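Engineer: Below: one structure in structure tokens.
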Amino acid sequence: MARRYGTVSLGVNYGIEAPGDFGRPDEADAIRLLRAAVDRGVTLIDTAPTYGDSEGLVGRAVGGDQRVVIATKAGSALHEQPGALRGPALRASLMASIEQSRRAFGRDAIDILQFHNATAGLIEDGEVTDVLLDAKRRGLIRVLGASVLSPAAALAAIASGQYETLQVAFSALDQRMARDVLPAARAAGLGVIVRSAFL
């Protein structure tokens, strides 16, 4: 089991605002924090282009450290412009995101690339999946995953047979994925990345 570190709070102000000093750490502190996490056994760092400068911070801190697997995301533009990205425009957007992430990490390939906030409809449509699978065949991605918000999207990703990891929210207070999704992921041999465990 990998020990995971999520980095959204390093790149943007995130969470419940507290009195006094609030906000993300400065660059030097963020880099020290990431390096300390890896030195203390964190083996998976999760980030995304939508997390401000998080990808850049991860790359500067641990991009060259082969002890850590870096997971990032692509496809958030589909939700910013629903229905606008299809065909060549979709491919160009996804490939630009992949290239930006590879440069940020200083790595030839992205360890885990997750379809960000994948919906059941977009997974079943297959166009995004086809572009990402092509990037994987070309050696730009090692593992293809889906980061989902709903059980329906999770089950669609599993049913597609194309995704190798699934990122879901799961905590003591959020058990939506426990009944159907986690057993289905296990049966299909997908790795599960838990997010929002303390949210």
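Engineer: Which residue out of ASP180, ASP174 is touching a Pro at 6+ places or on another chain (Cβ under 8 Å) and surrounded by fewer than 18 Cβ atoms within 10 Å (Cβ to Cβ)?
Structural biologist: Going through ASP180, ASP174 in turn, just one is touching a Pro at 6+ places or on another chain (Cβ under 8 Å) and surrounded by fewer than 18 Cβ atoms within 10 Å (Cβ to Cβ): ASP180.
Engineer: Ok, one more. Given the criteria surrounded by fewer than 20 Cβ atoms within 10 Å (Cβ to Cβ), over 15 Å from the mean Cα position of the chain (by Cα), of a type outside the set (Phe, Trp, Tyr) and within 28 Å of GLY41 (Cβ to Cβ), does ARG107 qualify?
Structural biologist: So ARG107 fits the description; yes.
Engineer: Moving on. Where the second residue is modelled with pLDDT of 95 or more and the first is open to solvent by 80 Å² or more (accessible area, probe 1.4 Å) and lies in the stretch 31-46, which pairs have Cβ atoms under 7 Å and are six or more apart or on separate chains?
Structural biologist: Close Cβ pairs satisfying both conditions: ARG35/ALA61; ARG35/VAL62.
Engineer: Looking for whichever is within 15 Å of the chain's Cα centre (by Cα) and open to solvent by 10 Å² or more (accessible area, probe 1.4 Å) here; the options are SER101, SER76. Which one fits?
Structural biologist: SER76
Engineer: A further question on this structure: Under 7 Å by Cβ, and 6 or more places apart or on different chains, what pairs join a residue from the stretch 117-146 that is closer than 20 Å to GLU99 by Cα with one that is assigned to a loop (DSSP other than H, G, I, E, B) and among the aliphatic types (A, V, I, L, M)?
Structural biologist: Matching pairs, first to second residue: ASN117/LEU149; GLY139/ALA109; LEU140/ALA109; ILE141/ALA109; ARG142/ALA109.
Engineer: What is the one condition in (1) out of contact with any strand residue (DSSP E or B) (no Cβ under 7 Å at 6 or more places or on another chain); (2) open to solvent by less than 40 Å² (accessible area, probe 1.4 Å) that LEU166 does not satisfy?
Structural biologist: The single condition LEU166 does not satisfy is (1).
Results for (1) assigned to a strand (DSSP E or B); (2) modelled with pLDDT of 95 or more; (3) within 21 Å of ALA157 (Cβ to Cβ), shown as yes or no for each residue.
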{"position": "GLN66", "(1), (2), (3)": "no, no, no"}
{"position": "LEU90", "(1), (2), (3)": "no, no, yes"}
{"position": "ILE98", "(1), (2), (3)": "no, yes, yes"}
{"position": "ASN117", "(1), (2), (3)": "yes, no, yes"}
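Engineer: Across the stretch 138-158, what is the total count of residues that are more than 16 Å from ASN117 (Cβ to Cβ) and surrounded by 17 or more Cβ atoms within 10 Å (Cβ to Cβ)?
Structural biologist: Adding up the residues that qualify gives 4.
Engineer: What is the residue count in the stretch 51-69 for residues that are in contact with a strand residue (DSSP E or B) (Cβ under 7 Å, 6 or more places away or on another chain) and within 11 Å of VAL12 (Cα to Cα)?
Structural biologist: The total comes to 0.
Engineer: OK, next. Which of the residues that make up the stretch 104-115 are farther than 12 Å from ALA48 by Cβ and either without any contact (Cβ under 8 Å) to a residue 40 or more places away in the chain or outside any helix (DSSP H, G or I) (or both)?
Structural biologist: Matches in the stretch 104-115: GLY106, ARG107, ASP108, ALA109, ASP111.
Engineer: I've got another one for you. Which strands (runs of 3 or more DSSP E) sit wholly inside the stretch 122-195 and have at least 1 residues that are modelled with pLDDT under 95 and at negative phi?
Structural biologist: Those strands (runs of 3 or more DSSP E) span 165-169, 191-195.
Engineer: Please verify whether ALA96 is surrounded by fewer than 19 Cβ atoms within 10 Å (Cβ to Cβ) and farther than 22 Å from ALA84 by Cβ, treating the condition exactly as stated.
Structural biologist: Answer is no for this residue.
The values are calculated or read from the model by the stated rules, or taken from the named source; none is laboratory data. Every value quoted in this text rests on a predicted model; they were computed, and no experiment measured them. With ideal geometry, Cβ positions are generated from the backbone for all residues, glycine too; neighbour counts draw on all protein chains shown. Accessible surface is based on the protein model in full, side chains and every heavy atom, while ligands, DNA and RNA are left aside. Shrake-Rupley method; radii C 1.70, N 1.55, O 1.52, S 1.80 Å.
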